[in-house]
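The values are calculated or read from the model by the stated rules, or taken from the named source; none is laboratory data. The model shown is predicted, which means the values in this text are computed figures rather than measured ones. Methodologically, a virtual Cβ is constructed for each residue, glycine included, from the backbone with ideal geometry; neighbour enumeration extends over all protein chains shown. For accessibility, only protein heavy atoms count, side chains too; no ligands or nucleic acids. Shrake-Rupley method; radii C 1.70, N 1.55, O 1.52, S 1.80 Å.
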Amino acid sequence: MTKKIILTGDRPTGRLHIGHYIGSLKNRVELQNSGDYDSYIMIADMQALTDNARDPEKIRHSLLQVALDYLAVGLDPEKSTIFVQSQIPALSELTMYYLDLVTVARLNRNPTVKSEIAQKSFGESVPAGFLVYPVSQASDITAFKANTVPVGDDQEPMLEQTREIVRTFNRVYNSDVLVEPEGYFPPKGSGRLPGIDGNAKMSKSLNNGIYLADDADTVQKKIMSMYTDPDHIHVEDPGKVEGNVVFTYLDMFGTDKAKIQELKDQYRAGGLGDVKLKRYLVDVMEALLEPIRTRREQYAQDMGAVSDMLKAGSAKANKVAAQTLAEVRAAIGVNYF
Ligand code: TRP
């Protein structure tokens, strides 16, 4: 039986945080270790450049940080091909062909891109490359003929766009070269991790994240400053569990569900202080983060090896993508000579 193929990736605009972990990295490591898939994990530096073209140094730096985060959470270059988008020229060429099959109106309707444009306050100055990045993402996915794309919920519009391109391409060029992918999402309710300030989204620009590389002290400080229930002032006051970020995190990261239920009951009734509750969350988070941090530090001692790992992964990915590109060119008929 041929294995199913996974392709996924991240924009290297900064280090990865625990929202990335729960939203996608955790799934990837499990899928990788199941042995049922061929996994391709891509650092999407070209996509990151679509809104950072004037700050390439940030992307260059973040590239290695993201690679370290990958290794730290257990992505294994022996089992997964970890590579860099810009080092695969076939991806750009595929994008040029796909762009002809997508309308500007369709691009303008993409809900994730729309909200990103609003959030980044581009005004009238949306970079053309940013608007079309969903098409470039279709190239990333189809170049590897991926069946399965483990991502957060916000990436569903990209998958829908990819499937449309696949269907249109195969119909227009009467081919069966491209494969329709499916998203692989985290279990409902655990998709989106709020920031430590209670904001629905954990993000670098909001400065409300806990990073995989944060040291134990920083993690503790962040948790101690976490948003709870603003009306829970005295220990004996009854408190709210819903919308209380500490409980949201406990639900997502805690393993002792009975203990968490007990804490919820106690908090609701009154008599459980925020400090005590937060100390428990520190323990829960450290159980996850401490081994990740240790592995990260080990890999960080030899950045040359990390760079070599990306180079070898990119060489391998290049072969696969070049093969798909040759098939795409033949299907269109631009294989003249
Ligand atoms: N858009 C994704 C993100 O922001 C990153 C990405 C680029 C990606 N290309 C991809 C994800 C292909 C899955 C498949 O996180």
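Treating the angle as unsigned and between 0 and 90°, give the value, to the nearest 10°, between the Cα long axis of helix 133-143 and the longest Cα principal axis of the chain.
For 133-143 against the chain, the angle is about 70 degrees.
So for each of 244-250, 230-236 I average, over its residues, the number of other beta carbons within 10 Å; can you give me the resulting order with the highest mean first?
Numbers: 244-250: 21.7, 230-236: 11.6.
Answer by packing, highest mean first, reads 244-250, 230-236.
For the range 222-229, take each phi angle, set θ = phi - 60°, evaluate the Karplus expression 6.51 cos²θ - 1.76 cosθ + 1.60, and give the result in whole Hz per residue in order, putting x for glycine and proline.
5, 5, 5, 9, 5, 6, 10, 10
May I ask you to derive the FRET efficiency for Ala300 and Val126 from their Cβ-Cβ distance with R0 = 35 Å, giving the value to the nearest 0.05? Don't skip to the end; give the middle numbers.
Details: r = 36 Å, r/R0 = 1.04.
According to the calculation, E is roughly 0.45.
What are the ³J(HN,Hα) values, in whole Hz, obtained from phi via the Karplus relation 6.51 cos²θ - 1.76 cosθ + 1.60 with θ = phi - 60°, for each residue of the range 35-52 in sequence order, with x given for Gly and Pro?
The phi angles translate into x, 8, 10, 8, 9, 10, 10, 10, 8, 8, 6, 5, 5, 5, 6, 4, 10, 9 Hz.
When averaged across all projection directions, what area in nm² does the alpha-carbon convex hull of the chain cover? Show your work: numbers first, answer last.
On the way: hull surface 77.2 nm².
Taking a quarter of the hull surface, the average projection is 19.3 nm².
Going highest first, how would you order 43-54, 116-127, 268-279, 312-323 by mean Cβ packing within 10 Å? Show your work: numbers first, answer last.
Numbers: 43-54: 20.7, 116-127: 11.2, 268-279: 15.0, 312-323: 17.2.
Result, highest mean Cβ count within 10 Å first: 43-54, 312-323, 268-279, 116-127.
Rounded to whole Å, give me the distance from the Cα center of the range 72-149 to that of the range 255-313.
Taking the Cα centre of the range 255-313 as reference, the centre of the range 72-149 is 31 Å away.
Order Met252, Met226 by their accessible area, 1.4 angstrom probe, all chains in place, largest first.
Descending order: Met252, Met226.
Calculate one ³J(HN,Hα) per residue across the range 54-69 by plugging θ = phi - 60° into the Karplus curve 6.51 cos²θ - 1.76 cosθ + 1.60, and present them in order as whole Hz with x for glycine and proline.
Going residue by residue, I get 8, 9, x, 4, 4, 5, 4, 5, 5, 3, 6, 5, 5, 4, 4, 4 Hz, with x marking Gly and Pro.
Counting only C-alpha contacts under 8 Å and six or more residues apart, can you give the relative contact order of the chain as a whole percent? Provide the component values of the computation, followed by the final result.
Numbers: 499 pairs, mean separation 76.5, N = 337.
Dividing the mean separation by the residue count of the chain yields 23 percent.
At 1.4 Å probe size, with the rest of the protein present, what percent of the exposed accessible area of the chain is carbon and sulfur atoms?
Percent of accessible area from carbon and sulfur atoms in the chain: 52.
Using Cα pairs under 8 angstrom and six or more residues apart, how large is the relative contact order of the range 216-297, in percent? Working shown, then result.
Values: 77 pairs, mean separation 28.2, N = 82.
In percent, rounded to a whole number, it is 34.
Treating cross-link reach as a plain straight distance, find the lysines whose alpha-carbon is under 24 Å from the alpha-carbon of Lys145, omitting any fewer than eight places away in the same chain.
Lys3, Lys4, Lys26, Lys79, Lys311, Lys316, Lys319
Using amide H atoms built 1.01 Å from N in the peptide plane, name the residues 5+ places from Gly9, or on other chains, whose amide H lies under 5 Å from its own.
Met42
Please work out whether the range 72-133 counts as rounded, prolate or oblate from its C-alpha gyration tensor, where a ≥ b ≥ c are the square roots of the eigenvalues and a/c under 1.5 means rounded, while otherwise a/b larger than b/c means prolate and anything else oblate? Kindly include the intermediate steps, with their values, before the conclusion.
Numbers: a/c = 2.69, a/b = 1.58, b/c = 1.70.
Taking the square roots of the gyration eigenvalues as a ≥ b ≥ c, the range 72-133 is oblate.
What residues have an amide H closer than 5 Å to that of Leu206, excluding those fewer than 5 places away on the same chain, when H is modeled at 1.01 Å from N in the peptide plane?
Answer set, sorted by chain and number: none.
Quick one: which of 206-217, 149-160 comes out on top by average Cβ neighbours within 10 Å, and what's the full order, highest first? Please report the intermediate quantities before stating the final value.
Numbers: 206-217: 17.2, 149-160: 19.3.
Final packing ranking: 149-160, 206-217.
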